[in-house]
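Below is one structure, written out as structure tokens; comments come after it.
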Amino acid sequence: MCVRTTLDIDAQLMEEVVRLSGERTKAAAVEAALREYVRLRRKKLLLELPGKVRLEENWEELREAELGE
């Protein structure tokens, strides 16, 4: 499902997002940036659960799952 949204984004920031993402369109670059943000926030929340999740023992398994291998 797609949501059409109008946003005011700093032009230099948008240029940098497009450049760093390697995407061809602004929309694709913004979507990639949002996906990366969500992934990093979820990871941070997991790491804030000390003693409840043992990431150090299964990091390879998590990476494979993330990459779809």
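A short reminder: the numbers here are calculations on the coordinates, not readings from a lab. For clarity, every value in this text was computed on a predicted model and none was experimentally measured. Note that each Cβ is placed from the backbone with ideal geometry, even for glycine, and that neighbours are counted across all protein chains shown.
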Treating the angle as unsigned and between 0 and 90°, give the value, to the nearest 10°, between the Cα long axis of helix 55-67 and the longest Cα principal axis of the chain. 40 degrees
Cα-centre dipole for the chain with unit charges at Cβ (Lys and Arg positive, Asp and Glu negative), debye to 20: 280 debye
Which of Met1, Ser21, Leu34, positive extreme of dipole for the chain (C-beta unit charges): Met1
Using only Cα atoms, tell me the angle between helix 11-21 and the longest principal axis of the chain; keep it within 0 to 90° and round to the nearest 10. 50 degrees
